[in-house]
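Working notes for the structure below.
The values are calculated or read from the model by the stated rules, or taken from the named source; none is laboratory data. This one's a predicted model, so the numbers in the text were calculated from it and none came from an experiment. Here the Cβ positions follow ideal geometry from the backbone for every residue, glycine too, while neighbour counts run over all protein chains shown.
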Amino acid sequence: MTLDRRSLIGVGLGLGAVATAARATESGPAPRAASAVSLDLAPDDNRDQTAALQAAIDTAAEKDIPLVLPPGKFIVSDLRLRAGTRLIGTARTTTLVFAGGAAFVTADKTDGLVLDGISLDGAYKAFDVSRGDGLINLSRCKNVHLADLDIRNSFGIGLSLVECGGCIKGISISNALDAGLKSLDSHGLDITGNIVTDCGNNGILVWRSRAEEDGTIVSSNRISKIRNAAGGTGEYGNGINVFRAGSVLVTGNRIFDCVYTAVRGNAASNIQIIANSCERLGEVALYAEFGFEGALIANNLVDAAATGISVTNFNEGGRLAVIQGNLIRNLFRREHEKDDKRGEGIGVEADAVVIGNTIENAPTVGIQIGWGTFMRDVSATGNVIRHARVGISVTGAPEAGKCLIANNLISNAKDGAIREMQFGEMVGPDLVREPGANQRIQLSGNVAV
């Protein structure tokens with residue numbers, strides 16, 4: 001929030017009234033004229049200052065003026081932000097520390113809420129999840145503006161938003177035992193330019209209660225060191241997870257060192273995953289899975305993952321995708337897994353175009369088309385695949401649909417450039433050299449060197 005000289009004077013005068021009002025809770029009614037210009041709070045001590053700060057927040061909100069906090073540490077609990085609250089700290093040198101209790105900071109129906117320049121430390125103290133699953137909980141708030149915050153040491157989620165819209169920009173979230181940031185049923189939310197690191201289960205969650213349009217934009221964030229403390233097979237351990245939220249744009253993010261996935265879209269129709277930089281992922285780097293229609297995955301860089309890109313679950317309605325212009329390299333197999341070892345560059349199943357991608361070092365296959373009977377209308381053209389066990393594999397199930405494999409350059413595929421497969425096992429000859437008579441698989445102009 002930019003404060004010029006005139007607005008600073010207004011804030012100072014307002015704080016005089018707020019400070020006086022806070023003192024008046026014990027000493028009687030406040031005088032009409034306020035002389036103080038600072039809060040009646042003493043930072044850097046060990047007193048619980050909830051009552052005084054709550055009184056200041058309430059008075060400032062009632063008077064529709066920003067409340068500017070001085071540098072220092074304030075021990076507080078169960079702060080409730082009112083409509084009109086604009087709480088401004090001093091370049092993150094203002095720290096609110098959770099004293100413990102049912103909740104730390106909450107807001108409901110607080111349209112136009114502003115939080116800026118504050119550090120919020122949960123001290124890993126437990127809170128009552130019936131009051132909200134985050135250290136900071138905002139619900140039903142329109143046009144919120146959160147900027148330059150440092151949220152850390154949460155017992156659960158760092159920042160939780162339910163039915164909120166607005167902008168979350170330039171904040172840091174670290175050491176949350178669950179997810180860093182969760183948005184449920186948002187209304188026009190931008191999550192941009194934030195840092196999320198060292199979280200127990202997920203980085204950023206964009207979820208909806210049921211599958212429908214959401215429209216959140218997740219852009220230019222740095223997300224790293226995401227664990228999966230809760231276990232499972234992909235529900236946890238993701239940099240960005242989009243669940244049932246349609247028309248979400250995930251672009252320009254830097255995501256690395258996640259136990260599972262950089263970006264996972266689950267039942268997320270019309271998702272766009274564009275120009276993200278993703279490194280060192282434990283499973284699939286970029287995922288569109290289960291009951292979705294429409295995924296655009298383009299111009300991403302993936303370095304070191306068990307699979308680069310997977311567009312899957314045609315058996316549950318997952319279909320319709322464009323996978324274009326991605327650079328995928330240094331895939332690996334998870335030999336410790338009983339079945340799901342992977343080592344694939346791109347896996348795709350139905351109603352999809354795979355065009356202009358570059359894949360290097362895929363220990364299983366560069367591009368895998370279909371699985372069993374689950375394949376329909378796939379075009380794989382103009383891709384470059386280098387140093388793979390098999391360049392392109394396509395399901396050999398006679399009940400599967402048709403695909404076009406054309407104008408791909410495949411270099412140093414030691415077990416064949418293009419081959420049919422049966423549930424991951426390669427069968428038959430290299431189709432580049434012995435095309436065969438399978439009318440479902442149309443080959444043209446492929447080069448194997």
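Scan segment 415-425 and give yes if some residue there is more than 27 Å from residue 333 (Cβ to Cβ), out of contact with any Lys or Arg (no Cβ under 7 Å at 6 or more places or on another chain) and touching a residue at least 24 places away in the same chain (Cβ under 8 Å), otherwise no.
no
Given (1) over 21 Å from residue 353 (Cβ atoms); (2) modelled with pLDDT of 95 or more; (3) of a type in the set (D, E, K, R), where does residue 430 come up short, assuming only one miss?
(2)
Kindly check whether there is at least one residue in segment 425-444 that is touching a Gly at 6+ places or on another chain (Cβ under 6 Å), part of a strand (DSSP E or B) and within 27 Å of residue 320 (Cβ to Cβ).
No, the conditions are met nowhere in segment 425-444.
Does residue 224 qualify as being farther than 20 Å from residue 246 by Cβ, among the small types (Gly, Ala, Ser) and without any contact (Cβ under 8 Å) to a residue 60 or more places away in the chain?
Criteria met by residue 224.
Looking at segment 256-264, is at least one residue of a type in the set (A, V, I, L, M), within 11 Å of the chain's Cα centre (by Cα) and more than 17 Å from residue 160 (Cα to Cα)?
yes
Of 120, 115, 96, which residue is closer than 19 Å to residue 165 by Cβ and either buried (at least 20 other Cβ atoms within 10 Å of the Cβ) or without any contact (Cβ under 8 Å) to a residue 24 or more places away in the chain (or both)?
Selected residue: 115, the only one of 120, 115, 96 that is closer than 19 Å to residue 165 by Cβ and either buried (at least 20 other Cβ atoms within 10 Å of the Cβ) or without any contact (Cβ under 8 Å) to a residue 24 or more places away in the chain (or both).
Can you name the residue in segment 362-405 that is polar (S, T, N, Q) and outside any strand (DSSP E or B) and, of all such residues, is nearest to the chain's Cα centre (by Cα)?
Restricting to residues being polar (S, T, N, Q) and outside any strand (DSSP E or B), the top hit is 383.
Just one of the numbered conditions (1) over 11 Å from the mean Cα position of the chain (by Cα); (2) at pLDDT 95 or above is not true of residue 188; which one?
Only one criterion is unmet by residue 188, namely (2).
Are any residues in segment 348-367 buried (at least 24 other Cβ atoms within 10 Å of the Cβ) and under 17 Å from residue 302 (Cα atoms), and if so, which ones?
The answer is 348, 354, 357, 359, 362, 365, 366, 367.
Going through segment 237-290 one residue at a time, which ones are outside any loop (DSSP other than H, G, I, E, B), aliphatic (A, V, I, L, M) and more than 21 Å from residue 211 (Cα to Cα)?
255, 274, 281, 284, 285
In this structure, is residue 112 closer than 16 Å to residue 88 by Cα and either assigned to a loop (DSSP other than H, G, I, E, B) or among the acidic types (Asp, Glu) (or both)?
Judged against the criteria, residue 112 is a match.
Answer with yes or no whether residue 172 is within 24 Å of residue 119 (Cβ to Cβ) and surrounded by fewer than 19 Cβ atoms within 10 Å (Cβ to Cβ).
When the stated conditions are applied, residue 172 passes them.
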